[in-house]
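Enquirer: Sharing a structure, written as structure tokens. Questions coming.
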Amino acid sequence: MKKSLKVAFGGIISAFSVILILLGNIPFGEYLGPTCAGLVLVWAVEELGELTSLGIYLASSVLAFFLSGNKEPALLYILFFGYFPILRDFLIKKVKIKALSWVIKFLVFNCTMVIAYFILIYVFGMPLEELQGLGKYGVYILLASGNVLLVVLDFCIGKLLILYRNKWQKRVHSIMKKK
């Protein structure tokens, strides 16, 4: 792929990621927006590799943070959902023991979610009542739900990659060669 095409492709992926993160400004979009924005990066990892995808992730993170009125989806994208497709690809290539790979994914997820909510509460002043809507165990329920989301997200990325490789990749490459 030509360098100019890579730059254009990266810009489109960044812009689309930012738009999806901004969906976090609508009710219940706080988790859907950054999750979908991370899924868009799967395409970049597949076509451009981990290093270029990292640059796309950084660009979209900065833009999302400064453009978003609601910092929660932007922070969730920055601290986990944005780089998860890159991390997943790296773990598949480098860690041969699947159980160890999952342990790393869960550790990274849980640590970053705790850090994200500490930042949201103590830096951005998010009311703690929002987390206590589920009762005194609300924080634990939210974290457990997040772990389920992680498993679903990993599964979806795997299926999305299979679909892309089998159905779309040849079409995308033929379109890129025509230009």
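The values are calculated or read from the model by the stated rules, or taken from the named source; none is laboratory data. Computed from a predicted model, the values in this text were never measured in an experiment. In this analysis, Cβ positions are derived from the backbone assuming ideal geometry, glycine residues included, and neighbour counts consider all displayed protein chains.
Enquirer: So, in the range 138-172, how many residues would count as being surrounded by 11 or more Cβ atoms within 10 Å (Cβ to Cβ), more than 16 Å from the chain's Cα centre (by Cα) and either at pLDDT 85 or above or outside any helix (DSSP H, G or I) (or both)?
Expert: Selection size over the range 138-172: 8.
Enquirer: Quick check: anything in the range 82-89 modelled with pLDDT of 90 or more, among the hydroxyl-bearing types (S, T, Y) and closer than 19 Å to W168 by Cβ?
Expert: No, the range 82-89 has no match at all.
Enquirer: Shifting gears a bit: Across the range 16-30, what is the total count of residues that are touching a residue at least 40 places away in the same chain (Cβ under 8 Å) and more than 10 Å from the chain's Cα centre (by Cα)?
Expert: 7
Enquirer: Return yes or no: is G135 on the phi > 0 side of the Ramachandran plot and either crowded, with 16+ Cβ neighbours inside 10 Å or at pLDDT below 90 (or both)?
Expert: yes
Each row is one residue, and each column tells you yes or no for (1) closer than 20 Å to L142 by Cα; (2) in contact with a helix residue (DSSP H, G or I) (Cβ under 6 Å, 6 or more places away or on another chain); (3) crowded, with 20+ Cβ neighbours inside 10 Å; (4) at pLDDT 95 or above.
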| residue | (1), (2), (3), (4) |
| --- | --- |
| L67 | no, no, no, no |
| A74 | yes, yes, yes, no |
| W102 | yes, no, no, yes |
| F106 | yes, no, no, yes |
| F109 | yes, yes, yes, yes |
| F124 | yes, yes, no, no |
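Enquirer: Of the conditions (1) surrounded by fewer than 18 Cβ atoms within 10 Å (Cβ to Cβ); (2) touching a Pro at 6+ places or on another chain (Cβ under 7 Å); (3) small (G, A, S), G33 satisfies every one except a single condition; which number is it?
Expert: Answer for G33: the failing condition is (1).
Enquirer: Inside the range 1-105, counting only helices (runs of 4 or more DSSP H) that do not spill past its ends, which hold 2 or more residues that are touching an Asp or Glu at 6+ places or on another chain (Cβ under 7 Å) and within 29 Å of P127 (Cα to Cα)?
Expert: 71-76
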